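S.K.: Handing you a structure now.
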Amino acid sequence: MRFFLFLISFYALIFNQISFANSSVESEISKADEYFEAKQYIDAFNIYDKLLEEERVYSSKMLLRMAFIQEGQGNYASALYYLNLQYGLTADRGTSNKMSKIAEDHNLLGYRYSDKEYLTSLFNKMKNEIGGVIILLLVVCIALMYMRKKEQHSITTLTVAVVVLSTLALWAFNGGMKRELGIVKGSGALLMQGPSAGSKNISNLSSGERLKLIDQDDIWYKVELPNESEGYVRKGVVFEVK
């Protein structure tokens, strides 16, 4: 019995989501929201940016406001970065359309609508609900295993079900459902043939262009362009959307 209780506790711990528990963080968010409502956009952005970069705390509303501020200042690469993060949280088609509009206005590549990206974003949006369903199914299976074992009945099918659910859950919540993208920060970024400054320069990348991050090699990312060609860029020249 203790073993089954341990399993239940273990799975509950895996899918537990961290929220805005820190009161000081909530205070900072409220302060930034007040600045934004008062149209003191720079002050609001500075607080939002600190929360995102140092605390790794953000919400859909916060990211939309950061994108709004950056777009208003003409920093469309930064605006696209925040919109990409927001889309990853919400799978909001309106955000996807907004990104496509900015990309179209500035002739940027990499923003074609993708069913795979939508499903990944939808998964992230519903992660709590999906986790709850999986936990419930696991609890039911484990309870049935306990009862059937107590009655000396076969538990092979239930064991397989637990293994499959556990494998699926661990895959999905540990990188199986993810997107790794890079938004080029500014003009002058170079796409190189290899992970070296002495490698051949393939092309110059446009500020705001979106790339798929495939792998990393020290200070370099191996990337795939929208036309499916590959190359390397320095990590510092792209915003990472993971």
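S.K.: When a/c reaches 1.5 or more, the comparison of a/b and b/c decides; with that in mind, is region 181-241 rounded, prolate or oblate per its Cα gyration tensor? If you can, show how the numbers build up before the last one.
M.R.: Working: a/c = 1.26, a/b = 1.19, b/c = 1.06.
Taking the square roots of the gyration eigenvalues as a ≥ b ≥ c, region 181-241 is rounded.
S.K.: Apply the Karplus curve 6.51 cos²θ - 1.76 cosθ + 1.60, θ = phi - 60°, to the phi angles in region 88-95 and return the couplings in whole Hz, x for Gly and Pro.
M.R.: x, 7, 10, 6, 6, 5, x, 5
S.K.: Give me, ordered by chain and number, the residues 5 or more places off ILE202 or on other chains with an amide H under 5 Å from its own placed amide H.
M.R.: Sorted by chain and number, the residues that satisfy this are LEU191, MET192, GLN193.
S.K.: A follow-up question, please. Within straight cross-link reach of LYS212, meaning Cα distance under 22 Å, which lysines are found once same-chain residues fewer than 8 apart are removed?
M.R.: Filter leaves LYS98, LYS101, LYS116, LYS125, LYS178, LYS185, LYS200, LYS222, LYS235, LYS242.
S.K.: Which FRET efficiency value, to the nearest 0.05, do you get for GLN152 and ASN128 by plugging their Cβ-Cβ distance into 1/(1 + (r/R0)^6) with R0 = 45 Å?
M.R.: Efficiency, rounded to the nearest 0.05: 0.75.
S.K.: To continue, here is another question. Test of the criteria: in region 180-242, which GluC sites (Glu not before Pro) are in a DSSP loop and have at most 12 other Cβ atoms within 10 angstrom of their Cβ?
M.R.: GLU228
S.K.: I need the phi-derived Karplus couplings for region 116-124: 6.51 cos²θ - 1.76 cosθ + 1.60, θ = phi - 60°, integer Hz, Gly and Pro marked x.
M.R.: With coefficients 6.51, -1.76 and 1.60, one gets 4, 5, 4, 5, 5, 5, 5, 4, 4 Hz.
S.K.: What are the ³J(HN,Hα) values, in whole Hz, obtained from phi via the Karplus relation 6.51 cos²θ - 1.76 cosθ + 1.60 with θ = phi - 60°, for each residue of region 55-68 in sequence order, with x given for Gly and Pro?
M.R.: Taking θ as phi minus 60°, the curve returns 9, 6, 10, 7, 9, 4, 4, 4, 5, 5, 5, 5, 5, 4 Hz for region 55-68.
S.K.: Then there's this: Based on Cβ point charges of +1 for Lys and Arg and -1 for Asp and Glu, what charge dipole magnitude is obtained for region 64-207 about its Cα centre, in debye rounded to the nearest 20?
M.R.: It comes to approximately 260 debye.
S.K.: Here's a follow-up. Given MET192, LEU64, MET147, which one lies farthest toward the positive end of the charge dipole of the chain, if we put +1 on the Cβ of every Lys and Arg and -1 on the Cβ of every Asp and Glu?
M.R.: MET147
S.K.: While we're here: Given the rule -39500 (n - 2.57) for each run of at least 4 DSSP H residues, summed and divided by the residues of the chain, what is its mean residue ellipticity at 222 nm, to the nearest 500 deg cm²/dmol?
M.R.: Result for the chain: -17500 deg cm²/dmol, rounded to the nearest 500.
S.K.: What residues have an amide H closer than 5 Å to that of ASP215, excluding those fewer than 5 places away on the same chain, when H is modeled at 1.01 Å from N in the peptide plane?
M.R.: When sequence neighbours closer than 5 places are left aside, the close amide H contacts are LYS222.
S.K.: Would you pull out the residues with amide H under 5 Å of GLY186's amide H, same chain only if 5 or more places away, H placed 1.01 Å from N?
M.R.: The list, which skips near neighbours in sequence, is GLY208.
S.K.: For region 77-133, run through the trypsin sites (Lys or Arg not before Pro) and keep only the ones in DSSP coil with at most 14 other Cβ atoms within 10 Å of their Cβ.
M.R.: On the way: sites: ARG93, LYS98, LYS101, ARG112, LYS116, LYS125, LYS127; in loops: ARG112.
Counting only loop positions with at most 14 other Cβ atoms within 10 Å, the trypsin sites (Lys or Arg not before Pro) in region 77-133 are ARG112.
S.K.: Mean 1/r over all different Cα pairs, inverted: what Kirkwood radius does region 23-119 give, in Å?
M.R.: Hydrodynamic radius (Kirkwood, Cα pairs) of region 23-119 is 13.9 Å.
S.K.: Given R₀ = 45 Å, what would the calculated FRET efficiency be for GLN40 paired with LYS116, taking r from the Cβ atoms and rounding to 0.05?
M.R.: Approximately 0.70, to the nearest 0.05.
All of the numbers you see were taken from the coordinates with simple rules; none came from a lab. On a predicted model such as this, the values are computed, not experimentally measured, just so you know. Don't worry about glycine lacking a Cβ; one is built from the backbone with ideal geometry, like all the others, and counts go over all protein chains shown.
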